[in-house]
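These notes are about the structure you will find just below.
Every number here is computed from the coordinates shown, using simple stated rules; none is lab data. The shown structure was predicted, so the numbers you read here are calculated from the model rather than taken from an experiment. Here the Cβ positions follow ideal geometry from the backbone for every residue, glycine too, while neighbour counts run over all protein chains shown.
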Amino acid sequence: MAEKKSLFKRLWQTFRSPSKVAVGVVLVFGFFGGVIFWGGFNTALEVTNTEQFCIGCHEMHDNVYLEYRDTIHYANRSGVRASCPDCHVPHEWTHKIVRKIAASKEVWGKMTGIIDTPEKFEAHRRYMADREWQRMKETDSRECRNCHNFDYMDFSVQGSRAAQAHSTSLASGEKTCIDCHKGIAHQLPNMRGVEGF
């Protein structure tokens, strides 16, 4: 019993000093503040990573979303649906953060009204498509591969042209999904002067 009393006495002596108490309080509040901040940050990150958020502005809802609704990524026989963030935001946390930071340019575009009418949107469609295709090329179509994986493709049930292209791309590693699948979910911009079109 005396040993227990001694332990309490030492703890009381330690925390009796104002500077040590202040350090303890700061550490406790810092810990809980960090947990709250991290939870709030991740919650906000996930809210901005939904289709509803993406189509919340009329530029996206009235243009690319309407186009996307007529594609196989929106409705298909299997019922598997790829939404905006599935194709435009990486799943891995670090890549997701980098993409979200880069997306701040899109927020600036929204604020300045660069594409706020159908005419302005069409005028900028090629620039936006080229920028997105370049990003996908640089990441080896990472977002496509979240759902489409060469390891699980059954080339025997694909058309001969698709099977040939997929098996060749798989073997060579020279091409990535976006090289052949531009316009798969959105209308193509004017492709005059682009090789292969």
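Residue farthest toward the positive end of the dipole of the chain, with Cβ of Lys/Arg at +1 and Asp/Glu at -1: which of Ile178, Phe37, Asn149?
Phe37
Which peptide among 176-185, 100-109 comes first, and what is the full order, when sorted by highest mean count of other Cβ atoms within 10 Å?
Averaged packing, sorted descending, gives the order 176-185, 100-109.
Taking a 24 Å limit on the Cα-Cα distance, which of the listed pairs Lys96/Lys182; Lys110/Lys175; Lys100/Lys175 fall beyond it? Can you show the working numbers first?
On the way: Lys96/Lys182 22 Å; Lys110/Lys175 33 Å; Lys100/Lys175 26 Å.
Going by Cα-Cα distance, Lys110/Lys175; Lys100/Lys175 fall outside the 24 Å limit.
Straight distance only, please: which lysines reach the Cα of Lys9 with their own Cα at less than 28 Å, same-chain residues fewer than 8 apart left out?
Lys20
Taking the Cα centre of the chain as origin and charging only Cβ (+1 Lys, Arg; -1 Asp, Glu), how large is the dipole, in debye to the nearest 20?
In total the dipole reaches around 1340 debye.
Per the Cauchy relation, a quarter of the hull surface: what is the mean projected area of the convex hull of the alpha carbons in the range 81-128, in nm²?
If I average the Cα hull's projected area over directions, I get 4.2 nm².
Spin-label point model (7 Å from Cα, Cβ direction): what's the Ile97 to Thr117 distance in nm?
It works out to 4.1 nm between the two label points.
Can you list the residues of the range 127-166 with backbone N under 17 Å from a point 7 Å past the Cα of Lys105, pointing along Cα to Cβ?
Under 17 Å, as judged by backbone N against the label point of Lys105, lie 127-140 of the range 127-166.
Assuming a viscosity of 1.567 mPa s and a temperature of 4 °C, what translational diffusion coefficient in µm² per second does Stokes-Einstein assign to the range 57-192, Rh being the Kirkwood radius over Cα pairs?
78
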